[in-house]
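A.B. asks: Input: one structure, supplied below.
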Amino acid sequence: MSYDALVISAHPDDAETQMGGTLALLSDKGQPILIVDLTNGEPTEFAEPGIRARQADEAARILGVERLSLGLQDRFLADTLETRLRVAQLIREHRPRWVYSTGEACVHPDHAVMGSIVRAATFLARLGQWERVPGGELLAQQEAWAIERLFFPHCKMEPAWGDFAFAVDVSTVYERKRQALAVYQSIFRPQNDRLLTLYEAEDQYYGRMLGTAYAEIYRSASPLLVEDPTVFLPTIHG
Ligand SMILES: [Zn+2]
């Protein structure tokens, strides 16, 4: 199965938290999207093992995307050769044009390693000659694949970004993002969860900066290029 986009995250709920509104918009446009959670997200504060995985599937259904988990141990995620190769394999298997992953500066060690894992994996996925690399046998059986773009949504455990490459106006689908996050009752409280309140405040803050209700922001691994600079939406301060 090929997907237009892969969202590669440390934990079930990261993709929703960081870019749930964008995912709803893209899936509504017909983009097939796969979320890959590298860890199992266990243990959780409020539920027995296994519940979070079911909630993650429900959140993906609400957003209109698919999801799989590599099942690595939460809290122990590391930028190892094995993880890089496993992610590169997934990229070759699903041949996405766009890859999204968590940016590098983050207090959670699982989030902090995502950027280097995914930057390396997207690069390794496009290289050939793996049959000549001891340990590279798995990639030798797949065709090389070069993605078009690597984007990093803002991790909400980081301080706010003063500059970013672009923002997506997610105002029209924000209720879907709320619903997708609300199913994670293994990690969030059913009423007035403090983290969810802060997440929403961030999306409102960036929306306010740009003159809309809610926005999700992104950095890009490389400069953006357009044929037509009129594609950009107007913002409040021009
Ligand atoms: Zn996380």
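The values are calculated or read from the model by the stated rules, or taken from the named source; none is laboratory data. Because the structure is a prediction, the values reported are computed rather than measured. As a convention, Cβ positions derive from the backbone with ideal geometry for all residues, glycine included, and neighbour counts pool all protein chains shown.
A.B. asks: Take the residues of region 77-105 that are closer than 18 Å to Met19 by Cα and in contact with a Gly (Cβ under 9 Å, 6 or more places away or on another chain): which is surrounded by the fewest Cβ atoms within 10 Å (Cβ to Cβ)? Quick ask: steps written out before the conclusion?
C.D. replies: Taking region 77-105 as the starting set, the residues that turn out to be closer than 18 Å to Met19 by Cα are 96-105.
Subset that is in contact with a Gly (Cβ under 9 Å, 6 or more places away or on another chain): 101-105.
Details: Ser101: 31, Thr102: 31, Gly103: 20, Glu104: 17, Ala105: 15.
Checked region 77-105; the qualifying residue surrounded by the fewest Cβ atoms within 10 Å (Cβ to Cβ) is Ala105.
A.B. asks: Find the residue count for region 207-238, including only residues that are charged (D, E, K, R) and part of a loop (DSSP other than H, G, I, E, B).
C.D. replies: Narrowing region 207-238 to residues charged (D, E, K, R): 208, 216, 219, 227-228.
Next cut, part of a loop (DSSP other than H, G, I, E, B) only: 227-228.
Summing the residues that are charged (D, E, K, R) and part of a loop (DSSP other than H, G, I, E, B) in region 207-238 gives 2.
A.B. asks: Exactly one of (1) touching a strand residue (DSSP E or B) at 6+ places or on another chain (Cβ under 8 Å); (2) within 22 Å of Ser101 (Cα to Cα); (3) buried (at least 16 other Cβ atoms within 10 Å of the Cβ) is unmet by Ser222. Its number?
C.D. replies: Condition not satisfied by Ser222: (3).
A.B. asks: In addition: Given the condition of a type outside the set (Gly, Ala, Ser) and either farther than 27 Å from Glu148 by Cβ or out of contact with any strand residue (DSSP E or B) (no Cβ under 8 Å at 6 or more places or on another chain) (or both), answer yes or no: does some residue in region 19-26 qualify? It would help to see each step written out before you state the result.
C.D. replies: Kept after step one, since they are of a type outside the set (Gly, Ala, Ser), are these residues of region 19-26: 19, 22-23, 25-26.
Of the ones still in play, those that are also either farther than 27 Å from Glu148 by Cβ or out of contact with any strand residue (DSSP E or B) (no Cβ under 8 Å at 6 or more places or on another chain) (or both) are none.
Looking for residues that are of a type outside the set (Gly, Ala, Ser) and either farther than 27 Å from Glu148 by Cβ or out of contact with any strand residue (DSSP E or B) (no Cβ under 8 Å at 6 or more places or on another chain) (or both), one finds none in region 19-26, hence no.
A.B. asks: Going through region 173-194 one residue at a time, which ones are free of Cβ contacts under 8 Å to residues at least 40 places away in the same chain, under 20 Å from Leu63 (Cα atoms) and assigned to a helix (DSSP H, G or I)?
C.D. replies: Within region 173-194, Glu175, Arg178, Ala182 meet the criteria.
A.B. asks: Let me ask something additional. Going through region 1-32 one residue at a time, which ones are within 13 Å of the ligand (Cβ to nearest atom), out of contact with any Gly (no Cβ under 8 Å at 6 or more places or on another chain) and not in a helix (DSSP H, G or I)?
C.D. replies: Of everything in region 1-32, those that are within 13 Å of the ligand (Cβ to nearest atom), out of contact with any Gly (no Cβ under 8 Å at 6 or more places or on another chain) and not in a helix (DSSP H, G or I) turn out to be Val7, Ile8, Ser9, Ala10.
A.B. asks: Give the residue that is nearest to Leu70 (Cα to Cα), with candidates limited to residues of region 45-59 that are under 16 Å from the mean Cα position of the chain (by Cα) and within 14 Å of the ligand (Cβ to nearest atom). It would help to see each step written out before you state the result.
C.D. replies: Within region 45-59, the first condition is being under 16 Å from the mean Cα position of the chain (by Cα), and the residues that meet it are 56-57, 59.
Right, trim to within 14 Å of the ligand (Cβ to nearest atom) and you get 56, 59.
Details: Ala56: 13, Ala59: 18 Å.
Among those that are under 16 Å from the mean Cα position of the chain (by Cα) and within 14 Å of the ligand (Cβ to nearest atom), it is Ala56.
A.B. asks: On to the next question. What are the residues in region 103-117 that are within 20 Å of Leu81 (Cβ to Cβ), within 14 Å of the ligand (Cβ to nearest atom) and either small (Gly, Ala, Ser) or touching a strand residue (DSSP E or B) at 6+ places or on another chain (Cβ under 6 Å) (or both), if any?
C.D. replies: Residues satisfying the conditions are Ala112, Met114, Gly115.
A.B. asks: Right, something else. Among the helices (runs of 4 or more DSSP H) lying completely within region 60-149, list those that include at least 3 residues that are over 14 Å from the mean Cα position of the chain (by Cα) and not aromatic (Phe, Trp, Tyr). Explain how you work it out, then say what you get.
C.D. replies: Details: elements: 81-94, 109-112, 114-125, 137-140.
Here the list reads 81-94, 114-125, 137-140.
A.B. asks: Checking the condition charged (D, E, K, R), without any contact (Cβ under 8 Å) to a residue 60 or more places away in the chain and closer than 30 Å to Asp203 by Cβ, which residue from Glu137, Glu158 passes?
C.D. replies: That would be Glu158, the only listed residue that is charged (D, E, K, R), without any contact (Cβ under 8 Å) to a residue 60 or more places away in the chain and closer than 30 Å to Asp203 by Cβ.
A.B. asks: Please find, within region 150-172, the residue that is nearest to the ligand (Cβ to nearest atom) out of those that are of a type outside the set (A, V, I, L, M, F, W, C) and not in a strand (DSSP E or B).
C.D. replies: The first filter runs over region 150-172 and keeps only residues of a type outside the set (A, V, I, L, M, F, W, C), leaving 153-154, 156, 158-159, 162-163, 169, 171-172.
Retained after the next criterion (residues that are not in a strand (DSSP E or B)): 154, 156, 158-159, 162-163, 171-172.
Details: His154: 13, Lys156: 9, Glu158: 12, Pro159: 16, Gly162: 23, Asp163: 23, Ser171: 25, Thr172: 26 Å.
Here the answer is Lys156.
A.B. asks: Next up: Only residues that are out of contact with any Lys or Arg (no Cβ under 7 Å at 6 or more places or on another chain) and either modelled with pLDDT under 95 or among the hydroxyl-bearing types (Ser, Thr, Tyr) (or both): list them for region 199-208, please. It would help to see each step written out before you state the result.
C.D. replies: Taking region 199-208 and keeping what is out of contact with any Lys or Arg (no Cβ under 7 Å at 6 or more places or on another chain), we get 200-201, 203-208.
Within region 199-208, Tyr205, Tyr206 qualify.
A.B. asks: Does Glu42 satisfy the condition of being within 16 Å of the ligand (Cβ to nearest atom), assigned to a loop (DSSP other than H, G, I, E, B) and closer than 25 Å to Ala146 by Cα?
C.D. replies: Values: within 16 Å of the ligand (Cβ to nearest atom): yes; assigned to a loop (DSSP other than H, G, I, E, B): yes; closer than 25 Å to Ala146 by Cα: no.
No.
Per-residue answers, yes or no, for (1) of a type in the set (Gly, Ala, Ser); (2) at pLDDT 95 or above:
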{"site": "Arg86", "(1), (2)": "no, yes"}
{"site": "Glu93", "(1), (2)": "no, yes"}
{"site": "Ala120", "(1), (2)": "yes, yes"}
{"site": "Leu127", "(1), (2)": "no, yes"}
{"site": "Leu139", "(1), (2)": "no, yes"}
{"site": "Gln142", "(1), (2)": "no, yes"}
{"site": "Trp145", "(1), (2)": "no, yes"}
{"site": "Met157", "(1), (2)": "no, no"}
{"site": "Gly162", "(1), (2)": "yes, no"}
